[in-house]
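Reading through the structure tokens given below for one structure.
The values are calculated or read from the model by the stated rules, or taken from the named source; none is laboratory data. Values in this document were obtained by computation on a predicted structure and should not be read as measured data. Heads up, the Cβs are rebuilt from the backbone with ideal geometry, glycines too, and the neighbour counts pull from every protein chain shown. With ligands, DNA and RNA removed, areas are computed over all heavy atoms of the protein, side chains included. Shrake-Rupley method; radii C 1.70, N 1.55, O 1.52, S 1.80 Å.
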Amino acid sequence: MEISQLYGRQVTDRQLTPDDIIQLNLIGENALLKSGSEVCCQRCLGRTPLKEAMLPNGDYYCRNCIQFGRLTNRNKLYRIKEPNQFDIPAEILTWKGTLSPFQAQCAQQLIEKAAHRQNHLVWAVTGAGKTEMLFPMLTESIRQGKRIALASPRIDVCNELFPRIQAAFANVDCLLLHGQANQYFYSQLTVCTTHQLMKFYHAFDVLVIDEVDSFPYVNNLSLAAGAKNACKENGVMLYLTATPDENSMKMIRKRQLTLDYLPLRFHQHQLPEVKFMVERQMERQVEHQKLSSKLWKIILKWVAQQTPFLIFVPRVKLLAPLYEAIQKVVPSTVTGDTVHANDPQRLEKVQRLRDGEYRYLVTTTILERGVTFKNLDLMVWDANDSNFSRSSLVQIAGRVGRSRERPTGDVYFVIRYYSLKVQQAARQIKSLNRKAAKLLHES
């Protein structure tokens, strides 16, 4: 193994051969430590009561990060300091686009926060162009020889982000890391899931976490600790979101985070607002796989205007019956599919919709954020369901109107009744639009 493979990483003795340890002169440390009546894991920083961590043979293990391979008191962790050994290209940023004045203000804030190592949150509406706003800060950080990671809780977001980063920084070594893309090499710029941060230790000078309010990162103490562990002690953590969670807002109130706010999309059009469709017989429509006339007329309108569309459902069991119901409505030439988190063809199906091979997908919340389709329309089936939160409904609505060519589109919430949650989501979108209009007026 090349020593560069270990720079800024933390690996277990199971990932190394005895020859690796000898040749690289590695010194390990105990993966688990006992502290009173608790077991402390040095990989995820999690604490487990000793009685709950005990194994039948008297050893003990960490259950918090067991999905990354079981660690016991017999294991060692090996870490090598990050040396920042990078070749800096003459031309760093190969993106030739321009930022709007509002985006440029946020971008300048990111440069300053990274320079002063001040943890910072950018709260920007869906479609504000958060990725492009990162480019000036990333350029300056790369020029200074810093190591950078862009992390997101969702694989789909990473897959969407990586080619954009590669294209914008074509002369910089870029790495994509997640459960389905795990070929590691030493690089200055890494795009990864937040789970992958658990494999790093004091590696990154700049760590950007996109969609910080998203499952599974939100309220996950192990993933938050892993992210903190992956960032250098003198590094900076920058957060991006369109729907900040309560923990982020609490950190802002405590002045542990600074805040920048952008309520305007990159094309300076407002967010499409929610239209409600009240359906009292939703169970019956699912049971008979037959949509009401109001719903199938909407779908046929989308078919006629040749726009792609998404139907969001709250539960996997609803995918097949809703798909069958749509197939009964649309012409046989209009193809689509279902997709969910554990679908082995998930990435291929999303790409087929993007390429125009599919016209629609019936999907769970797996596509609620971080994916972009041009000219999209959508419908949320049973938006009152507990699997939809207020923030997820806002994120779903934000999939629509993201292109400059068509900054509008349909967002329908299909409901049995007007619950507080769906009304709050609709009101939040209207509030953001009022703030965007005020910002444009003041400029």
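In table form, for the structure just shown:
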item: Members of segment 112-130 that are free of Cβ contacts under 8 Å to residues at least 60 places away in the same chain and either charged (D, E, K, R) or surrounded by 21 or more Cβ atoms within 10 Å (Cβ to Cβ) (or both); result: Glu112
item: Residue tally, condition open to solvent by 70 Å² or more (accessible area, probe 1.4 Å) and of a type in the set (Asp, Glu), over segment 394-443; result: 2
item: Tally, over segment 14-35, of residues that are in contact with a Leu (Cβ under 8 Å, 6 or more places away or on another chain) and open to solvent by 30 Å² or more (accessible area, probe 1.4 Å); result: 4
item: Those residues of segment 134-159 which are open to solvent by less than 10 Å² (accessible area, probe 1.4 Å) and closer than 16 Å to Glu82 by Cα, in sequence order; result: Ser141, Ile142, Arg147, Ile148, Ala149
item: Qualifying residue in segment 356-372 (condition: among the acidic types (Asp, Glu) and either free of Cβ contacts under 8 Å to residues at least 24 places away in the same chain or surrounded by 17 or more Cβ atoms within 10 Å (Cβ to Cβ) (or both)); result: yes
item: Filter result (in a helix (DSSP H, G or I), under 30 Å from Gln85 (Cα atoms) and of a type in the set (A, V, I, L, M, F, W, C)) within segment 1-54; result: Ile3, Leu6, Ile21, Ile22
item: Answer residue from segment 163-177, given it is surrounded by fewer than 21 Cβ atoms within 10 Å (Cβ to Cβ) and not charged (D, E, K, R) and is farthest from the chain's Cα centre (by Cα) among those; result: Asn171
item: Looking only at segment 37-63, and only at residues there that are of a type in the set (A, V, I, L, M) and in contact (Cβ under 8 Å) with a residue 12 or more places away in the chain, the one that is nearest to Tyr201 (Cα to Cα); result: Leu45
item: Selection within segment 46-63 - open to solvent by 80 Å² or more (accessible area, probe 1.4 Å) and among the hydrophobic types (A, V, I, L, M, F, W, C); result: Met54
item: Segment 278-300, subset in contact (Cβ under 8 Å) with a residue 60 or more places away in the chain and open to solvent by 30 Å² or more (accessible area, probe 1.4 Å), residue farthest from Arg354 (Cα to Cα); result: Arg280
item: Of residues in segment 382-393 being open to solvent by 10 Å² or more (accessible area, probe 1.4 Å) and not charged (D, E, K, R), the one nearest to Val316 (Cα to Cα); result: Asn387
item: The lone exception for Gln180 - which of (1) open to solvent by 30 Å² or more (accessible area, probe 1.4 Å); (2) farther than 24 Å from Arg47 by Cα; (3) free of Cβ contacts under 8 Å to residues at least 24 places away in the same chain; (4) not hydroxyl-bearing (Ser, Thr, Tyr) it fails; result: (3)
item: Checking Phe102 against (1) farther than 27 Å from His195 by Cβ; (2) surrounded by fewer than 18 Cβ atoms within 10 Å (Cβ to Cβ); (3) not polar (S, T, N, Q), the condition it does not meet; result: (2)
item: Filtered residues of segment 64-99 (kept if hydrophobic (A, V, I, L, M, F, W, C), touching a residue at least 60 places away in the same chain (Cβ under 8 Å) and open to solvent by less than 20 Å² (accessible area, probe 1.4 Å)); result: Cys65, Leu77, Ile92
item: Output for segment 346-358, where each listed residue is over 19 Å from the mean Cα position of the chain (by Cα) and within 16 Å of Glu160 (Cα to Cα); result: Arg352, Leu353, Asp355
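Here's the yes/no breakdown for (1) assigned to a loop (DSSP other than H, G, I, E, B); (2) under 21 Å from Arg14 (Cβ atoms); (3) of a type in the set (Val, Ile, Thr):
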site	(1), (2), (3)
Pro56	yes, yes, no
Arg70	yes, yes, no
Arg74	yes, yes, no
Pro83	yes, no, no
Ile88	yes, no, yes
Ile92	yes, no, yes
Lys96	yes, no, no
Phe102	no, no, no
Gln105	no, no, no
